[in-house]
Amino acid sequence: MGIEKYKKGTKVLIKGNEAMAEGAVRAGCRFFGGYPITPQNEVPEYLSWRLFEVGGTFIQAESEVAAINMLYGASACGTRSMTSSSGCGISLKQEGISYIASAELPIFYANMIRGGPGLGNIAPCQGDYFQATRGGGHGDYRVIVLAPNSVQEMGNFPKLVYDLADKYRIPAMILADGLLGQMMEPVSFDFDWVDISKIPSKDYILNGCKGRERRVINTLHMDVDVLEKHNWHLFEKYNKIAANEIRFEERYTDDAELIIVAYGTAARIAVDAIVKARKEGIKVGLLRPITLWPFPEDVVAKLAERVGKILVVEMSLGQLVEDVRMFANGKSEIYFYGRPGGVVPNPEEVLGVIKRAMKSNIKAGEFCHLKKL
Amino acid sequence: MPFKETMKIFKKPDCLTKIPMRYCPGCGHGIVHRLIAEVIDELGIRENTVGIAPVGCSVFIDEYFDCDMIQTAHGRAPAVATGIKRCLPNLVVFSYQGDGDLAAIGTAETVHAATRSENFTTIFVNNAIYGMTGGQQAPTTLPTQKTTTTPYGRDTKIHGFPVKVCEMLASLDGPTYLERVTVSKVAGVLKTKRAIKKAFQLQLDGLGFSLVEVLSPCPTGWGITPQKACEYVDEVMTPYYPLGVFKDLTKK
Amino acid sequence: MRQEVIISGFGGQGVIKAGVLLATTAMTENKHCTHFPSYGAEMRGGTANCSIIVSTDEIASPIVNEPDTVIAMNEPSLDKFEPKLKKGGLLIYNSSLISKKPSRSDIEIIAVPANEIAEQIGTTKCANMVVMGTYAAKTNAVSIDAIKASLSVVFAGKDKFLDINKSALDEGAKLK
């Protein structure tokens, strides 16, 4: 098959950004609207020719605001659509994402986080965790947030994103960073090429009212009773997602006396630190949330009951740690180590932090910020 | 002599729903809605049309037009229209936008949809004021015109100059058809309908971006009677915003 | 086996491509590999570099802080990365463009006149392949034959340079 660039299962060495873009096309993406921003530029560059090959549409929009609203239109008429950006641009997209969340349309967007706030820098960072996991824009809503930690997952997650977005009629995103976007690793696309003509038809899309009642996609509900009902409907949907779609990875947790909670790039660094620690006889394990929303809250709660110490490692000033503290609910000592501003901690540094946490004596439920020495 | 049988000579267009419009007496929106609906009926495209509602007084048009409709964020209708039309190019897509929506917050979307010559139609209703939010200054508010945010009149030294949308877009190579019309008089209404029909026909022919700017009365926002508002359109607005065709690539 | 490598030079010297070639070759030999380039503004007219890890075991962090090998194609790269080399590590430097001598005595050093060799072969553009040849022959991280097999993948559509690149690899290998 000509348009299927890589055979299923064949290993290729490509960048994370390219793997995500190819994964999206493979999963049925036929519309991309976006605006250049480092470190995600390989995504629009790749899709500018790749979507052309498969008969899709690529538009370099006049702004991120316009781009996300193009997706609003594309998704409204049933097209699997995608946009990608980095922090600054995702902030601009929040307006549209809120509308799309209210209209209950499925879209895929990716944030390859860079250092912030403001223009920040272009280095890998995790400072947009709050923005992603709390909805991001105005109003009561959530989006599904997937956090890959390898180029392999960057390639495979778009399919999952589209399936979840379609299933629940919700915006869903990949939250990664400049490192995962820029690095190359072997990847093999593990899912079949999605035949878009076989995606089940959607009974809410706009394609002309021939032979049916007209359809309206609307996010304005002036009657407070109507809007409250709509909000409760969304609430029920979010509960259903939280009950069914939590994904996480546990490593070396069985005998662990300290659990590191980290996602994405930070989780990769943590694994190196954990392997080093274990060589020295320190029993450390890893919990890697893969869905940041819905958050693996029960897993954290159970680990907190069983394990005395939890160490949250983030490339931010302490965002993930708030969720961990909330769900550990006073049952474990909580340590936090963060490097903001685009700094990626190195494994030796994290190993040092593990040792400090092991030696520390605080009470269960207490919080300790292990600042950089 | 009475008629022997009753004969229906005037009816609501099929493309309008039975929901009553919530516009003020003397507002131009209702006329423009009707003209669009008549054009859609005459072209037989109701079942193939998607309309895009803006933010502003016409925010509820998704209730009024009996075709597929989508309501969008303030100013973003051209971007949404782009997404729809590029994905399903056989649909007829129109955006309906006011002056704040199109020429202030949505200027970038308007200019870039026009310069890409996206194949949809924009109906731009210019009444020189923000009606829905209570009569504030619009990008098209005239010099010296009083609004609730220019209580001493628009002073161009302080508030800048009005945006002339057709003139601005006419400087671009992209747009196919740009015309400014008015609904202040019967002749203008008829001309407006011809312009709207031409714009839709251009889209059906795949010729690219078309925009019809309609100068429209807002008696409530301007604080005058409907009759005076129509006179204001003719005597004050029209001299500043001259009527006519600003671009027509079909006439070479 | 685990090799952490930094390749660094001016933009245009093909250091990122050399890194991609190394990682691709490692992949074809069924090894784990990562390639992480410098990117964005720092690449415009400045020094480009990339970090490659080749390993028989899983690679967690792709960041190289203490490289086993540094390949420096110009002087700023030598200044920047020589101090980071692991004790006992390998420094390969392009002596065609670097006149000063490396300062450390606790590392192994190979001077490769890469531009001169490349010019003799036909084009200075293949200087990156000369040092890759030296690197592969010295460390056996990947085999020269496997690199040659990967050339057509990494430089797809540039088959006319295939023989030149192969000669460059062979000439470089002689200097191990």
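Quick check on this structure: which one of A:339, A:306 is of a type in the set (Lys, Arg) and within 14 Å of chain C (Cβ to nearest Cβ)?
Working: A:306 fails: within 14 Å of chain C (Cβ to nearest Cβ).
The unique qualifying residue is A:339.
Which residues, counting only those in segment A:72-111, are of a type in the set (A, V, I, L, M, F, W, C), under 18 Å from the mean Cα position of the chain (by Cα) and open to solvent by less than 10 Å² (accessible area, probe 1.4 Å)? Please lay out each step first, then the result.
Filtering segment A:72-111 for residues of a type in the set (A, V, I, L, M, F, W, C) gives A:74, A:76-77, A:82, A:88, A:90, A:92, A:97, A:100-101, A:103, A:105, A:107-108, A:110.
Now narrow it down to the ones that are under 18 Å from the mean Cα position of the chain (by Cα): A:82, A:88, A:90, A:92, A:97, A:100-101, A:105, A:107-108, A:110.
Scanning segment A:72-111 gives A:82, A:90, A:97, A:100, A:101, A:105, A:107, A:108, A:110.
Condition check ((1) open to solvent by less than 20 Å² (accessible area, probe 1.4 Å); (2) free of Cβ contacts under 8 Å to residues at least 40 places away in the same chain; (3) not assigned by TED's automatic domain parsing to the domain that holds residue A:291) across all residues:
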residue: A:175; (1), (2), (3): yes, no, yes
residue: A:178; (1), (2), (3): yes, no, yes
residue: A:204; (1), (2), (3): no, no, yes
residue: A:215; (1), (2), (3): no, yes, yes
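Would you say residue B:35 is touching a strand residue (DSSP E or B) at 6+ places or on another chain (Cβ under 9 Å), surrounded by fewer than 22 Cβ atoms within 10 Å (Cβ to Cβ) and at pLDDT 95 or above?
On the way: touching a strand residue (DSSP E or B) at 6+ places or on another chain (Cβ under 9 Å): yes; surrounded by fewer than 22 Cβ atoms within 10 Å (Cβ to Cβ): no; at pLDDT 95 or above: yes.
No.
Restricting attention to segment A:223-246, does a residue exist that is free of Cβ contacts under 8 Å to residues at least 60 places away in the same chain, assigned to a loop (DSSP other than H, G, I, E, B) and within 30 Å of residue B:53 (Cβ to Cβ)?
Pass one, segment A:223-246, residues free of Cβ contacts under 8 Å to residues at least 60 places away in the same chain: A:223-229, A:232-233, A:236, A:239, A:242-244, A:246.
After this cut, where a residue has to be assigned to a loop (DSSP other than H, G, I, E, B) as well, the list is A:223, A:246.
Imposing the further condition that a residue be within 30 Å of residue B:53 (Cβ to Cβ) reduces the set to A:223.
Yes: one or more hits.
Residue under question is residue B:62, and the condition is that it be open to solvent by 20 Å² or more (accessible area, probe 1.4 Å) and either among the aromatic types (Phe, Trp, Tyr) or within 10 Å of chain A (Cβ to nearest Cβ) (or both); does it hold? It would help to see each step written out before you state the result.
Working: open to solvent by 20 Å² or more (accessible area, probe 1.4 Å): no; either among the aromatic types (Phe, Trp, Tyr) or within 10 Å of chain A (Cβ to nearest Cβ) (or both): yes.
When the stated conditions are applied, residue B:62 does not pass them.
Determine which single condition residue B:119 fails, assuming it passes every other condition in (1) more than 29 Å from residue B:236 (Cα to Cα); (2) polar (S, T, N, Q); (3) within 14 Å of the chain's Cα centre (by Cα).
Every condition holds for residue B:119 apart from (3).
Working only within segment C:73-109, note down all residues that are touching a Gly at 6+ places or on another chain (Cβ under 6 Å) and within 17 Å of residue C:14 (Cα to Cα). Spell out the reasoning first.
In the first step, residues of segment C:73-109 are kept if they are touching a Gly at 6+ places or on another chain (Cβ under 6 Å); the result is C:73-74, C:77, C:107.
Across segment C:73-109, the qualifying residues are C:73, C:74, C:77.
Select from segment B:226-252 the residues that are of a type in the set (Lys, Arg) and surrounded by 16 or more Cβ atoms within 10 Å (Cβ to Cβ) and list them in ascending order.
At the first step, the residues of segment B:226-252 found to be of a type in the set (Lys, Arg) are B:228, B:247, B:251-252.
Matches in segment B:226-252: B:247 only.
What strands (runs of 3 or more DSSP E) completely inside segment B:65-142 contain at least 1 residues that are within 13 Å of chain A (Cβ to nearest Cβ), open to solvent by less than 10 Å² (accessible area, probe 1.4 Å) and in contact with a Ser or Thr (Cβ under 7 Å, 6 or more places away or on another chain)? Write out each step before concluding.
Working: elements: B:68-71, B:92-98, B:121-126.
Answer list for segment B:65-142: B:68-71, B:92-98.
Against the definition (farther than 15 Å from residue A:123 by Cβ, at pLDDT 95 or above, open to solvent by 10 Å² or more (accessible area, probe 1.4 Å) and more than 7 Å from chain A (Cβ to nearest Cβ)), how does residue C:25 come out, yes or no?
Against the criterion (farther than 15 Å from residue A:123 by Cβ, at pLDDT 95 or above, open to solvent by 10 Å² or more (accessible area, probe 1.4 Å) and more than 7 Å from chain A (Cβ to nearest Cβ)), residue C:25 does not qualify.
Can you name every residue in segment B:231-245 that is within 20 Å of residue B:138 (Cβ to Cβ) and touching a strand residue (DSSP E or B) at 6+ places or on another chain (Cβ under 9 Å)? Explain how you work it out, then say what you get.
Applying the first criterion (within 20 Å of residue B:138 (Cβ to Cβ)) to segment B:231-245 yields B:231-243.
Correct list: B:233, B:234, B:237, B:238, B:241, B:242, B:243.
Would you be able to say whether some residue in segment C:35-56 is modelled with pLDDT of 95 or more, out of contact with any helix residue (DSSP H, G or I) (no Cβ under 9 Å at 6 or more places or on another chain) and not basic (Lys, Arg)?
Within segment C:35-56, one or more residues are modelled with pLDDT of 95 or more, out of contact with any helix residue (DSSP H, G or I) (no Cβ under 9 Å at 6 or more places or on another chain) and not basic (Lys, Arg).
Restricting the search to segment B:155-182, which residues are charged (D, E, K, R) and either under 25 Å from residue B:111 (Cα atoms) or not in a loop (DSSP other than H, G, I, E, B) (or both)?
First, pick out the residues of segment B:155-182 that are charged (D, E, K, R): B:155, B:157, B:164, B:167, B:173, B:179-180.
Correct list: B:157, B:164, B:167, B:173, B:179, B:180.
In this structure, does residue A:60 turn out to be more than 18 Å from residue B:70 (Cβ to Cβ) and open to solvent by 30 Å² or more (accessible area, probe 1.4 Å)?
Numbers: more than 18 Å from residue B:70 (Cβ to Cβ): yes; open to solvent by 30 Å² or more (accessible area, probe 1.4 Å): yes.
So residue A:60 passes the test.
Being within 14 Å of another protein chain (Cβ to nearest Cβ), β-branched (Val, Ile, Thr) and within 15 Å of the chain's Cα centre (by Cα) is the filter here, so list the residues in segment C:63-97 that pass it.
Residues of segment C:63-97 within 14 Å of another protein chain (Cβ to nearest Cβ): C:63-67, C:84, C:86.
Filter once more, keeping what is β-branched (Val, Ile, Thr): C:63-64.
The one that is within 14 Å of another protein chain (Cβ to nearest Cβ), β-branched (Val, Ile, Thr) and within 15 Å of the chain's Cα centre (by Cα): C:64.
Can you tell me how many residues within segment A:237-278 are open to solvent by less than 20 Å² (accessible area, probe 1.4 Å) and under 23 Å from residue A:150 (Cβ atoms)?
The number of residues fulfilling the criteria is 19.
Tell me, yes or no, whether segment C:126-137 has at least one residue that is open to solvent by 60 Å² or more (accessible area, probe 1.4 Å) and in a helix (DSSP H, G or I). Let's see the steps before the verdict.
To start, the set of residues in segment C:126-137 that are open to solvent by 60 Å² or more (accessible area, probe 1.4 Å) comprises none.
No, the conditions are met nowhere in segment C:126-137.
Just name the residue that is surrounded by the fewest Cβ atoms within 10 Å (Cβ to Cβ) out of those in segment B:170-223 that are closer than 24 Å to residue B:79 by Cβ and in contact with a Pro (Cβ under 9 Å, 6 or more places away or on another chain).
If we take residues in segment B:170-223 being closer than 24 Å to residue B:79 by Cβ and in contact with a Pro (Cβ under 9 Å, 6 or more places away or on another chain), then B:206 is surrounded by the fewest Cβ atoms within 10 Å (Cβ to Cβ).
What is the residue count in segment B:207-252 for residues that are under 30 Å from residue B:116 (Cβ atoms) and free of Cβ contacts under 8 Å to residues at least 60 places away in the same chain? Talk me through it step by step, then tell me what you get.
Quick first cut of segment B:207-252, residues under 30 Å from residue B:116 (Cβ atoms) only: B:207-216, B:237, B:240-252.
Add one more test, that the residue is free of Cβ contacts under 8 Å to residues at least 60 places away in the same chain, and what stays is B:251-252.
Count: 2.
Which one of C:4, C:58 is charged (D, E, K, R), within 30 Å of residue A:149 (Cα to Cα) and facing chain A (nearest Cβ under 9 Å)? Write out each step before concluding.
Values: C:4 fails: facing chain A (nearest Cβ under 9 Å).
None of the other options fit; the residue is C:58.
Could you check, for segment A:29-51, whether at least one of its residues is of a type outside the set (Phe, Trp, Tyr), within 27 Å of residue A:201 (Cα to Cα) and out of contact with any strand residue (DSSP E or B) (no Cβ under 9 Å at 6 or more places or on another chain)?
Here is the first cut: in segment A:29-51, the residues of a type outside the set (Phe, Trp, Tyr) are A:29-30, A:33-34, A:36-45, A:47-48, A:50-51.
Keeping just the survivors that are within 27 Å of residue A:201 (Cα to Cα) gives A:29-30, A:33-34, A:47-48, A:50-51.
Then keep just the ones that are out of contact with any strand residue (DSSP E or B) (no Cβ under 9 Å at 6 or more places or on another chain); that gives none.
Looking through segment A:29-51, none of the residues is of a type outside the set (Phe, Trp, Tyr), within 27 Å of residue A:201 (Cα to Cα) and out of contact with any strand residue (DSSP E or B) (no Cβ under 9 Å at 6 or more places or on another chain).
In segment C:78-108, what count of residues is obtained for those that are closer than 18 Å to residue C:131 by Cβ and in contact with a helix residue (DSSP H, G or I) (Cβ under 9 Å, 6 or more places away or on another chain)?
Of the residues in segment C:78-108, 14 are closer than 18 Å to residue C:131 by Cβ and in contact with a helix residue (DSSP H, G or I) (Cβ under 9 Å, 6 or more places away or on another chain).
Looking at segment A:122-195, what helices (runs of 4 or more DSSP H) fall wholly within it and have at least 2 residues that are away from every other protein chain (no Cβ under 14 Å) and within 13 Å of the chain's Cα centre (by Cα)? Full working, then the answer.
On the way: elements: A:129-133, A:151-168, A:178-182.
Result: A:129-133, A:151-168.
The values are calculated or read from the model by the stated rules, or taken from the named source; none is laboratory data. Everything numeric in this text was worked out from a predicted model, so none of it was measured. Glycine also receives a Cβ, built like all others from the backbone with ideal geometry; neighbour counts cover every protein chain displayed. Ligands, DNA and RNA are excluded from the accessible area calculation, which covers all protein heavy atoms including side chains. Shrake-Rupley method; radii C 1.70, N 1.55, O 1.52, S 1.80 Å.
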